[in-house]
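Presented below is the structure to which this report refers.
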Amino acid sequence: MSEFSAQIAYNSIKDRIPFRPEVGIILGSGLGDFVKTLNPVATIPYREIEGFPVSTVVGHAGNYIFAEYNGIKLVIMQGRVHYYEGYDTKDVVIPIIVMQKMGIKTLMLSNSAGGISDDLNVGSMMIISDHIASFVPTPFRGVDTALFDGRQFHDMSDVYKQELRDLLRKAAEDSGIPVSEGVYIQLTGPQYETPAEIRAFKKMGADAVGMSTAIEAMFANALGVNVCGISCITNKAAGLGGKLSHEDVTSAADTNAEKLSRIFLRFLELYKDSLS
Ligand code: HPA
C-alpha cells in the first residue's frame, strides 16, 4: 500500500480551503501562465500537505491555487507529479481525489506533448478526444473500491466529455487560436520514445504523446468528474523532427502557455453561460 493518502492529505488542509471549487485545472510543465491572469485568494504548497506526493522535477512548481474567474470558483494545480519520478500511478492520482473531495465537478487537464500527426507542429494545440493508457500501470489496481461506491470496474468509453470539447473548440475559435482534436497516448517516461515506437503508436491511432494526463483523466472519470484536456505540442515526436531535449520542450511550453491560458479563460466564460 502507498505511503501517500488522499484522506490524510485532504484532512490536513481542509481548514485552509477558502471555498468549494466547481472546476479543477491542472497546468502542465511550463504552462503556468494561466495563474498570472487571476487573483488567487489562497495558495497551498504541496509540500505543506501531509501524505501528498511532491514533484522533484526542476521547473515544476507545486501549489494548489484558489481563485475565482467570472464567478466560477477554481482550484488550480500548478504542477503535478509523474510516474517517472518514482511514484506509483496510485500516488499520481491522489491530487485528483483531493480535488474531488474539495467538490470539483469538472476537471480541465493540460500537458506538453510531442506531435505524432502530420498536422501537429511546435505550438499546435490539440483538444484530447480520447487516450491510450495501456502502457502505464493502472491506478485502479487494488485501490479501495469505497472511493467508487464499491465499484471495481470502470467504464472508459466516454472520458473526455463532448460538451466540454465543444466548449474548448469554441473557446479556441473565439480566441483566434487554431486547434485540432486527437488521441493522446501516455507513456511512462522519463526517456523520450524511439522513432520505431512513434511509428508503432501512430499505427495504433495516437496523435500526440506525453508522460501524464491519461491516468488522471481515467481516475477523475471514475470518480464522476467531467473531464476535458488540451495538449500543447512542444515538439515533433521522435524521428519526425530533430533530437528531443527537456530544455527545448519546456521553452516551447513557455512560449505557448499564453495560448492555453487564453483558451482556458474563454472556456470558463462559455462554461458559465452553459450553466445558466
Ligand atoms: N514524448 C513524450 N513526452 C513529451 C514529449 C514527447 O515527445 N514532448 C513533451 N512531452
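The values are calculated or read from the model by the stated rules, or taken from the named source; none is laboratory data. Only a predicted model underlies this, so the values are computations on that prediction, with no experimental measurement involved. With ideal geometry, Cβ positions are generated from the backbone for all residues, glycine too; neighbour counts draw on all protein chains shown. For accessibility, only protein heavy atoms count, side chains too; no ligands or nucleic acids. Shrake-Rupley method; radii C 1.70, N 1.55, O 1.52, S 1.80 Å.
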Just to be sure I understand the filter: pairs with C-beta atoms under 8 Å, separated by 6 or more residues or on different chains, first member in region 130-159 and in a loop (DSSP other than H, G, I, E, B), second member surrounded by 10 or more Cβ atoms within 10 Å (Cβ to Cβ) and of a type in the set (Gly, Ala, Ser). Which pairs pass? 133/214; 136/214; 140/222; 151/222; 154/222; 159/217
Criterion (part of a loop (DSSP other than H, G, I, E, B), open to solvent by less than 30 Å² (accessible area, probe 1.4 Å) and over 20 Å from residue 89 (Cβ atoms)) met by exactly one of 177, 198: 177
So which residues in region 6-32 are out of contact with any strand residue (DSSP E or B) (no Cβ under 9 Å at 6 or more places or on another chain) and of a type in the set (Phe, Trp, Tyr), if there are any at all? 10
Taking the condition of being outside any helix (DSSP H, G or I), open to solvent by 10 Å² or more (accessible area, probe 1.4 Å), within 14 Å of the ligand (Cβ to nearest atom) and not aliphatic (A, V, I, L, M), how many residues in region 201-211 meet it? 1
Is it the case that region 4-25 has a residue that's assigned to a loop (DSSP other than H, G, I, E, B) and over 26 Å from residue 265 (Cβ atoms)? yes
Taking the condition of being part of a loop (DSSP other than H, G, I, E, B), closer than 17 Å to residue 109 by Cβ and within 11 Å of the ligand (Cβ to nearest atom), how many residues in region 224-264 meet it? 0
Applying the selection to region 158-174, what residues are surrounded by fewer than 20 Cβ atoms within 10 Å (Cβ to Cβ) and under 24 Å from residue 114 (Cα atoms)? 158, 161, 162, 165, 166, 169, 170, 173
Filter region 1-23 down to the residues that are more than 11 Å from residue 65 (Cβ to Cβ) and either open to solvent by less than 10 Å² (accessible area, probe 1.4 Å) or among the hydrophobic types (A, V, I, L, M, F, W, C) (or both) and list them by number. 1, 4, 6, 8, 9, 13, 17, 19, 23
When residues of region 86-100 are limited to those that are assigned to a helix (DSSP H, G or I) and among the hydrophobic types (A, V, I, L, M, F, W, C), the one farthest from residue 9 (Cα to Cα): 92
Out of the residues in region 130-150 that are closer than 18 Å to residue 94 by Cα and open to solvent by 80 Å² or more (accessible area, probe 1.4 Å), state the one that is modelled with the lowest pLDDT. 144
Looking across region 103-129 at residues that are charged (D, E, K, R) and touching a residue at least 40 places away in the same chain (Cβ under 8 Å), the single one that is farthest from the ligand (Cβ to nearest atom) is 105
Candidate set from region 240-276 (those that are among the small types (Gly, Ala, Ser) and surrounded by 14 or more Cβ atoms within 10 Å (Cβ to Cβ)); member that is modelled with the lowest pLDDT: 252
Of (1) over 17 Å from the mean Cα position of the chain (by Cα); (2) part of a loop (DSSP other than H, G, I, E, B), residue 188 fails just (1)
